[in-house]
């Protein structure tokens, strides 16, 4: 058995928390399981930076859902990574039309983003004594991003543990869920109140638009992120009708 270093907590987690639907669901999932849960957001000059502005309201909303969630919710952290945005010539970091690139990947793909995010998250978790790192990566409903694949996450877990002489567990509770199932998971975790909180306060739209209010939340309604979220919500409602 490997002993924990001084200050490490085996039942504590760090959640990659962007302010979107998936990361909010992951935060609820972690709060339902672990004694202490901290959150981490990244500012890399993303076009939809408004998502970061939603995080405080979502954290407070989650804390209000259950007394034990309020007790478990710990510190929030934000790391600025402007270099990632400067290196990335993508539709998430530039005001350009969203489209498929020559490689077959959508131009919303930011090369290395999840690898960078999880590496910085592990460095923070190491300092904070947290053993579990939770992310909303998903291989079922995704845009073909290679850094969302289960194989990528497993390989990165091995590399981080070797490089930091640690035993981090990278947890991806949404990996094999489609968007309808992600909505259903939120309902199981926090009932209609959590679904309503995600609809009202989370942000997913790649264009960063908060003007139009749809049944599934705010967004332009036509970008890939909005379409995925909207279609999942329709299927979720059909299953629960």
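Brief remarks follow.
- Each principal axis of the Cα cloud of segment 140-241 was taken in turn, and the coordinate range along them, longest first, works out to 47, 29, 21 Å.
- Exposure proxy ranking for 220, 26, 226, based on other Cβ atoms within 10 angstrom of each Cβ and starting from the fewest, stands as 220, 226, 26.
- Residues of segment 186-204 falling in the label zone of residue 239, defined by backbone nitrogen less than 20 Å from a point 7 Å along Cα to beta-carbon, are 186-200.
- Cβ-to-Cβ counts within 10 Å put 133, 79 in ascending order as 79, 133, the fewest first.
- Kirkwood-type radius of segment 8-66, with distances r between different C-alpha atoms, in Å: 12.0 Å
- Counting neighbouring Cβ atoms within 10 Å and putting the fewest first, the residues 203, 214 line up as 214, 203.
- For the pair residue 192 and residue 79, label points projected 7 Å from Cα toward Cβ lie 4.0 nm apart.
Rule-based calculations on the coordinates, nothing more; no lab input. Note that the structure is predicted; figures quoted are calculated from it, not measured. Positions of Cβ are generated from backbone atoms using ideal geometry, with glycine treated the same way; all protein chains shown enter the neighbour counts.
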